[in-house]
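Reviewing the structure listed below.
The values are calculated or read from the model by the stated rules, or taken from the named source; none is laboratory data. Just so it is clear, the structure is predicted and the values come from calculations on it, not from any experiment. Here the Cβ positions follow ideal geometry from the backbone for every residue, glycine too, while neighbour counts run over all protein chains shown. Side chains included, ligands, DNA and RNA excluded: accessible areas come from the protein's heavy atoms. Shrake-Rupley method; radii C 1.70, N 1.55, O 1.52, S 1.80 Å.
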Amino acid sequence: MHIPDDKLLWMYRKMLQIRHFEERVAVEFEAGNIPGMVHLSTGQEAMAAGTCAALRPDDYIVSTYRGHGHNLAKGGSPARMMAELFARETGDCHGRGGCLHITDFRVGNLGSMGIVGAGIVLAPGAALSAVLRGTDQVTVCFFGDGASNQGMFHEGLNLAALWKLPVVFVCENNLYGEATPQAEQHQPIKDIADRAASYAMPGVVVDGNDVLAVHQAVWQAVARARAGQGPTLIEGKTYRWHGHYVGDPETYRTREEVAAWMAKDPIPRLRAYLLARGLLDEAAAARLDEEVQAEIAEAVAFAAASPYPDTAEVCRDTFAPQPPPAPAQPLPSETVLTTGQIALREALAEELSRDPRVFLLGEDLRQAIFGVCNELYEEFGPQRVRNTPISENAIIGCAVGAALTGMRPVAEIMFEDFLTCCMDPIVNSAAKLRYMTGGQVTVPLVIRVPGGAGLSAGAQHSQSLEALFWHIPGLKVVAPSTPADMKGLLKTAIRDDNPVIFFEHKALYFEGGELPLGEYTIPLGVADVKRPGTDVTIVAFMAMVPRALSAAETLAAEGISVEVVDPRTLVPLDMETILASVRKTKRLLTVEEGALTGGLGAEIAARVAKEAFDYLDAPIERLAGRDCPIPFSPLLEEAMYPSEEQIVATVKQMLGRE
Ligand SMILES: Cc1ncc(C[n+]2csc(CCOP(=O)(O)OP(=O)(O)O)c2C)c(N)n1
Ligand SMILES: [Mg+2]
């Protein structure tokens, strides 16, 4: 393969830049100028430079906590990166990311992941996004030898191969995962590249310290990906000169081993080649070295002179800004009677028609148990309604990667309980990428999940886990109770620039209710008073709303006036409406289906106790699911969560009317 002269010189300069950057970072860390921990890639420069030399500026990379070299090779600024390591406002991520999360989105770096293997499921999403947008961009996913043992490795490679996505998986095999040798203790096969055979993709082993070999392998893989022929797995055998982190006692390897690998330094190797070819002479090489050292010294000076972030702005970029919600509209007069399932389907169909960036992905979308998407598959086709393998990590990871790169995916997780199988891409990627990149990216993603009890589906298909997710900053959480709310809120969620978890209660799919005709949206963060009243406020969620309404009807017959407030969205939470109601009724009962301990009612009770304590005429009461797994027997299951009778009895007791 012919490599143009200017590219050879570029790779040489880039390796020098990475080397000097990393060595200076070690010095600055030891001098106490860099907080936290640093993971250096010294010795591995040929992997970053050889790979990125095969990419266009508009191609993407997904990187790791050992990512300084990747970011520089993709075109990132040494000064902004050094400032980030110095924890300054002028850093790439404004001091929110640091070494673990070095990211320059401007040059196509989608994020450096501190979770081993996390990027392997994001990369297929960025690649899918390129395909759906009709570009020929390629995504390179860097990861280590240790990461190839993650389940996400299987899910990511399998999905990329199945959909023939333009991804190049680049494994930097530096022989160790932290303190454990890969070959001896982690790997039953000789080469990681052998695993490619399981996914019917090429697996290539290269000398990772030979930048020309790396470049050639990646160049071929990129050409293949751009031509629509699918992904490749490239394994480069290399070595990190420093420990896992600066300060690592390195008891797991010998000085002789390190010295033997240092003798295989990729930089003098390319220099010798360039000298032999007459592309460089000793004087020019020395000048280049000085020039790069000066550039790094300037980066340090810039970092050291930069201001620290303003602590008043610690929460900045947790969420992408949204225009303030328009006041909620009353239900239009023209409505039809329908079910939650149809309302949701209408919302999806309308958004798919309105915005070409919207697409759906999930398991069994063609013929699902709850069937929200069934007819959409026929209507919008397999490109936009994408049936996936049973790979929850890949579904959400792919959605996050696509959301980062211009699409607006709506992922379905078949049962709420299965959210536990994809906690990493939800909690560590979707919820955090905007914040830890200092606001460089947005993640407009909706995750729809059917949940809740009532179908005798047992402990692993019946849970209400909303409280787990509203505890995670960076996620919006929606929990509607009527067909109209489902439609209006889902349409808004799809238009929101943030990750939204959209909880759908199975029992409500087939409940009837009024649905406005045509375009109808409801702002997130606006509660709905489902029934006005004066004696007690009930804040109820999802399937507990109709139950609270029936209890209110029963109580009305006894002269007790109950106000039922349905928050509809948990994040953002409309505390104003709840507080206004409690200030009026002077009593609060919360009713939810999820477990009592640490539940939604606990948080609302705490906030009301703080903000409206003086108004309360009775202790705040909470009714919730029992603190045990959900049983199968219908009788036991019904005993699990608040009944209408319990709601009635609790309200009476609060009023001293037992
Ligand atoms: C999910 C997860 N498990 C464990 C860790 C702790 N950890 C950080 S780096 C690392 C080793 C990873 O090795 P490898 O993938 O070979 O990358 P390298 O550090 O060698 O570049 C481990 C176990 C983590 N960050 N994430
Ligand atoms: Mg390793």
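How long is the gain from residue 460 to residue 2 if the chain were fully straight, where each residue apart is worth 0.36 nm and the alpha carbon distance is subtracted?
Extending this stretch completely gives an extra 159.2 nm.
Sorted by mean Cβ packing within 10 Å, highest first, what order do the peptides 50-60, 549-559, 344-354 take?
50-60, 344-354, 549-559
The DSSP beta bridges internal to the chain are antiparallel in roughly 20% of cases.
Estimated at 0.36 nm per residue, the fully extended path between residue 250 and residue 517 surpasses their Cα-Cα distance by 89.4 nm. For the chain, the membrane-span-like helix rule (DSSP H, alpha carbon extent of at least 30 Å along the helix axis, mean Kyte-Doolittle at least -0.5) picks out 282-305; this says nothing about an actual membrane.
Report in % the part of the accessible area of region 1-147 that belongs to carbon and sulfur, leaving out ligands and nucleic acids; probe 1.4 Å. Working shown, then result.
On the way: 2140 of 3790 Å².
Heavy-atom surface of region 1-147 belonging to carbon and sulfur, 1.4 Å probe: 57 percent.
So how far, in whole Å, is the C-alpha centre of region 425-477 from the one of region 158-212? Centre-to-centre (Cα) distance: 31 Å.
Going by a ≥ b ≥ c, the root eigenvalues of the Cα gyration tensor, does region 516-613 fall in the rounded group (a/c under 1.5), the prolate group (a/b larger than b/c) or the oblate group? In terms of gyration-tensor shape, rounded. Carbon-plus-sulfur fraction of the accessible area of region 339-448, 1.4 Å probe, in percent? Reported share for carbon and sulfur atoms: 53 percent.
Simple spin-label model, 7 Å along Cα-to-Cβ: residue 186 to residue 628 in nm? If labels sit at residue 186 and residue 628, their model points lie 4.4 nm apart. Look at the alpha carbon pairs under 8 Å that are at least 6 residues apart: their mean separation over the length of region 73-159 gives a relative contact order of 20 percent. A cut-off under 11 angstrom between Cβ atoms defines the neighbours of residue 186, and their net charge, with Lys, Arg +1 and Asp, Glu -1, is -3. Classify region 356-461 from the C-alpha gyration tensor, please: rounded if a/c falls under 1.5, else prolate or oblate depending on whether a/b exceeds b/c. It is oblate, given that a/c is not under 1.5 and a/b is not larger than b/c. Note on residue 194/residue 259: beta-carbon distance plugged into 1/(1 + (r/R0)^6) with R0 of 22 Å gives a FRET efficiency of 0.15. In terms of the mean number of neighbouring beta-carbon atoms within 10 Å, the peptides 195-208, 62-75, 267-280, 413-426 order highest first as 62-75, 413-426, 195-208, 267-280.
A simple spin-label model places the labels of residue 420 and residue 613 3.7 nm from each other, with each point 7 Å out along Cα-to-Cβ. In this structure, residue 305 and residue 27 have a Cβ-Cβ separation that, at R0 = 22 Å, corresponds to a calculated FRET efficiency of about 0.80. Is region 376-523 rounded, prolate or oblate when judged by the Cα gyration tensor, a ≥ b ≥ c being the square roots of its eigenvalues, rounded requiring a/c under 1.5 and prolate requiring a/b larger than b/c? Judged from the Cα gyration tensor, region 376-523 comes out rounded (a/c under 1.5). Solvent-accessible surface of region 512-565, taken per residue with a 1.4 Å probe and all protein chains present: 33 Å².
By how many nm would the segment from residue 379 to residue 314 grow when fully extended, if each residue of separation counts as 0.36 nm and the alpha-carbon distance is taken off? Length gained between residue 379 and residue 314: 18.9 nm. Using a 1.4 Å probe over the heavy atoms of the protein chains, calculate the carbon and sulfur portion of the accessible area of region 201-303 as a whole percent. Carbon with sulfur: 54 percent of the solvent-accessible area. For the chain, relative contact order (Cα pairs under 8 Å, six or more residues apart, normalised by length) works out to 12 percent. Which distance in Å, rounded to a whole number, links the C-alpha centroids of region 349-390 and region 58-105? Between the Cα centre of region 349-390 and that of region 58-105, the gap is 36 Å. Distance between the 7 Å Cα→Cβ label points at residue 283 and residue 387: 7.0 nm.
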